[in-house]
Amino acid sequence: MQKKSKIKIWLEHAPKSTFTMYAAAMVFMTYFCAYAFRKPYQAVTYENLSLWGLDLKTVLVISQLLGYTLSKWVGVKICSEIKPHQRMKSLYGLVIWAQLMLVAFGLLPESMKCAAIFLNGLSLGMIWGVIVLYLEGRCLTEILFAGLSSSLIFSSGIVKDAGIWLMSSFQVNQFWMPAATGLLFLPLFLLVVWLLNQLPEPTLEDQSERTIRHPMQHAERLRFFNTFKLGIILQLIVYVLLMSFRDFRDSYGIDIIENLGIQNKQGIFTRMEVWVAITALLALVVLNFFKPKRYGVSINIIMMMMGFSLIGVSTYLLDIGMINGFTWMVLVGMGGYLGYIPCDTIFYDRVIAATGFTGTAVFMAYLMDASGYTGSILLQFSKEWFASGQTRLNFFRIFCYIITFLGLIILSFNYFYFKKQTQKMQNR
């Protein structure tokens, strides 16, 4: 039996508030650093460069998404079955591989760079699931997810700004900038993953509140899916809409900002996403006050509906000239994450807790992610094939209205569906 570190022993006996602050901080820093190996290349427009008749940036974004999506489909099995002692080594291996592919991205000719970025995405797609295994099934899961969710919002902006800084201050080549950014964050990543791995497993109190979490085998995954089949399929559609929205805004943020005529781009992603992250943090804190065994996922769905409404209303306000482009980008970002965060892992963590299923929410999280990124790829192709004459700003605006309409209709049905299903299983 492996000897426990002093930090793990300390955490086992630490007050709940101390444990929560430590866990949230380590989760935040782990995923924050992981984004440095995924997002920096998106801070470049790669203007006037093309491949196979498509804009080079579009090819790169789609290539990474293909790798990321394939990783999510594979992760449905791998991440739901991974053992606790395998988590840290898995995180180290996945990120080191991603960094090597960024080096290959700098070395290879333009016609081959998409292969490197594809392989980069292939490893990065499983990092989220491994981190979630440390968090789910705890009384304070929503609070801990606040660290994880705010991290992905903050980090996306900051690592892009870091890439812009490396290019402007040190004249790093646009193709070598992603590898340089990753190298900058690698030592910190290795440290915080080790610190994250010191978290003790859920306590008896956690297990009583959220049920025991075990790796799910094929039969258990199939039983869970069949129990909530209709609701899961509809929730998948909602998630595809949200993921496609989030990914398009994230991947082409610099292009949309230029289309909006915003001049001051220095640090703009950080300035935008700090408000989005604060919204996400507050949403997760609010969720923690609504216990899953009593409220199920009703509060999650209400929050998602608020997010969709904010996307549609803020887009309308932009169109009639009541808000400027920067404010709109902040508001639709808030709306997107207000819908996205309660829709995925936290949603199914609460379903499991409310219904008493023995398993792990990572299985459904990866099924959702795999479907979401597949939809995101299709959205990229839709823009190139059916709306190539439109700016990315106009395409994105129209998509905002579409997802608002569809999302509100589907969620209205799912509110009553999951409320009925969870009540039925609790009464057994």
What pairs come out if I take residues in the range 109-132 that are in contact (Cβ under 8 Å) with a residue 12 or more places away in the chain and pair them with residues that are in a loop (DSSP other than H, G, I, E, B) and crowded, with 24+ Cβ neighbours inside 10 Å whose C-beta lies under 6 Å away, six or more apart or interchain?
Leu124/Arg38
If you go through the range 169-178 one residue at a time, do you hit one that is buried (at least 21 other Cβ atoms within 10 Å of the Cβ), at pLDDT 95 or above and not acidic (Asp, Glu)?
yes
Going by the conditions given, is Arg249 in a helix (DSSP H, G or I), in contact with a helix residue (DSSP H, G or I) (Cβ under 7 Å, 6 or more places away or on another chain) and either surrounded by fewer than 16 Cβ atoms within 10 Å (Cβ to Cβ) or of a type in the set (D, E, K, R) (or both)?
yes
The range 315-350, residues that are of a type in the set (A, V, I, L, M), free of Cβ contacts under 8 Å to residues at least 40 places away in the same chain and part of a helix (DSSP H, G or I):
Leu317, Leu331
Within the range 378-418, residues of a type in the set (Lys, Arg) and either within 18 Å of Gly339 (Cα to Cα) or surrounded by fewer than 16 Cβ atoms within 10 Å (Cβ to Cβ) (or both) come out as Arg397
Could you go through the range 322-345 and let me know if any residue there is over 14 Å from the mean Cα position of the chain (by Cα), farther than 20 Å from Ile233 by Cα, surrounded by fewer than 21 Cβ atoms within 10 Å (Cβ to Cβ) and at pLDDT below 85.
no
Here are the criteria: (1) touching a residue at least 60 places away in the same chain (Cβ under 8 Å); (2) in a helix (DSSP H, G or I). Tell me which single one Asn300 does not satisfy.
(1)
Of the residues that sit in the range 153-168 and are surrounded by fewer than 24 Cβ atoms within 10 Å (Cβ to Cβ) and not aromatic (Phe, Trp, Tyr), which one is nearest to Cys33 (Cα to Cα)?
Ile158
Of the candidates Ala34, Ala25, Ala43, the one satisfying the condition of being out of contact with any Gly (no Cβ under 8 Å at 6 or more places or on another chain), closer than 26 Å to Thr270 by Cβ and of a type in the set (A, V, I, L, M, F, W, C) is Ala34
Name, by its number, the condition in (1) under 20 Å from Phe28 (Cβ atoms); (2) outside any helix (DSSP H, G or I); (3) modelled with pLDDT of 90 or more that does not hold for Leu94.
(2)
Among the numbered criteria (1) within 30 Å of Ile299 (Cβ to Cβ); (2) buried (at least 18 other Cβ atoms within 10 Å of the Cβ); (3) of a type outside the set (Asp, Glu), which single criterion is violated by Thr203?
(2)
Pairs please, first residue from the range 174-191 and touching a residue at least 60 places away in the same chain (Cβ under 8 Å) and closer than 12 Å to Met101 by Cα, second anywhere and in a helix (DSSP H, G or I) and hydroxyl-bearing (Ser, Thr, Tyr), Cβ atoms under 8 Å, 6+ apart in sequence or on different chains.
Pro178/Tyr41
Of these, Leu60, Leu65, which one is surrounded by 19 or more Cβ atoms within 10 Å (Cβ to Cβ) and out of contact with any Cys (no Cβ under 9 Å at 6 or more places or on another chain)?
Leu65
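The values are calculated or read from the model by the stated rules, or taken from the named source; none is laboratory data. What you are looking at is a predicted structure, and each value in this text was computed from that prediction instead of being measured. Heads up, the Cβs are rebuilt from the backbone with ideal geometry, glycines too, and the neighbour counts pull from every protein chain shown.
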